[in-house]
1. How about region 167-196: which of its residues are of a type in the set (D, E, K, R) and either assigned to a helix (DSSP H, G or I) or at pLDDT 70 or above (or both)?
2. I'm trying to understand the selection: among the residues of region 41-55, which are within 21 Å of Val18 (Cα to Cα) and free of Cβ contacts under 8 Å to residues at least 24 places away in the same chain?
3. Would you mind listing the helices (runs of 4 or more DSSP H) fully within region 95-166 where at least 2 residues are closer than 30 Å to Arg80 by Cβ and either modelled with pLDDT of 50 or more or not assigned by TED's automatic domain parsing to the domain that holds Leu30 (or both)?
4. Residues in region 81-91 that are more than 21 Å from Glu38 (Cα to Cα) and modelled with pLDDT under 95: how many?
5. Only one of Lys48, Lys61 is buried (at least 17 other Cβ atoms within 10 Å of the Cβ) and under 30 Å from Ala180 (Cβ atoms). Can you tell me which?
6. Kindly evaluate Thr83 against the criterion of being of a type in the set (S, T, N, Q), surrounded by fewer than 18 Cβ atoms within 10 Å (Cβ to Cβ), over 30 Å from Phe131 (Cα atoms) and not assigned by TED's automatic domain parsing to the domain that holds Ala179.
7. What number of residues within region 1-34 satisfy the criterion of being over 26 Å from Ile72 (Cβ atoms) and surrounded by 19 or more Cβ atoms within 10 Å (Cβ to Cβ)?
Amino acid sequence: MIPVKIEQIFLSNVGGFVVMLKGVRDERTLPIFIGAAEAQSIMMQIKKIHIPRPLTHDLLKNVLDFLECRLIKVEVCDLRDGTFYAKLVLERDGARMEMDSRPSDAIALALRVPAPIYVAEKVMDEAGRVFEPTEAEPAKGEEAPSRKNEAKTRKDLSPLEILQRDLDQAVKEERFEDAARLRDEIQSQQTSHEKN
């Protein structure tokens, strides 16, 4: 098993969110598509945003605590027909148990406990990649693209850049319905641009 950490979560240009699991002692990164609700739950935990009522993953953590059941680790253990599979490794009264889980739910829960996240070697061999620095990830010493764009006024931006900036702001402010609408508009514009 390869220990991993969450490198980043982003909105994919093909739709949906992607969580990037980077090997702690491995150069490879495993991209996994996840749903909007799970992306929101993971981001809220990463950013330490507390809400008055528990989300599903907060509730599950509370139930585990109440039952005195400990989450030992999370494993992304298999990849079949393009679908990732994960499991929760739990311990209660000295007995270990494993439960099947979607990777996104397992990651969201692991962040709340906290518990380590692992990826099976065979999964990383099949789907892991070494990503080169891109505009999304500036090389060391370079300024991040978002900082470059901050200097631009709204009138200097293209319509697509304006939509992307609005989307980033909506996600930051947790206006996820607006974010979904903006994502759809960006995808629509990108599709029509590719056809032209």
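The values are calculated or read from the model by the stated rules, or taken from the named source; none is laboratory data. Quantities reported herein were computed from a predicted structural model and do not represent experimental measurements. Here the Cβ positions follow ideal geometry from the backbone for every residue, glycine too, while neighbour counts run over all protein chains shown.
1. Asp168, Lys172, Arg175, Glu177, Asp178, Arg181, Arg183, Asp184, Glu185, Glu194, Lys195
2. If the condition is that a residue be within 21 Å of Val18 (Cα to Cα) and free of Cβ contacts under 8 Å to residues at least 24 places away in the same chain, then Lys47, Lys48, Leu55 are the ones that fit.
3. Once the helices (runs of 4 or more DSSP H) in region 95-166 are filtered for at least 2 residues that are closer than 30 Å to Arg80 by Cβ and either modelled with pLDDT of 50 or more or not assigned by TED's automatic domain parsing to the domain that holds Leu30 (or both), what remains is 103-112, 121-127.
4. 1
5. Lys61
6. For Thr83, the condition - of a type in the set (S, T, N, Q), surrounded by fewer than 18 Cβ atoms within 10 Å (Cβ to Cβ), over 30 Å from Phe131 (Cα atoms) and not assigned by TED's automatic domain parsing to the domain that holds Ala179 - is not met.
7. Going through region 1-34 one residue at a time, the tally reaches 2.
To keep it simple, each residue is scored yes or no on (1) part of a strand (DSSP E or B); (2) over 21 Å from Gly82 (Cα atoms); (3) of a type outside the set (Lys, Arg).
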site	(1), (2), (3)
Ile9	yes, no, yes
Asn13	no, no, yes
Met20	yes, no, yes
Ala37	no, no, yes
His50	no, yes, yes
Pro54	no, yes, yes
Asp58	no, yes, yes
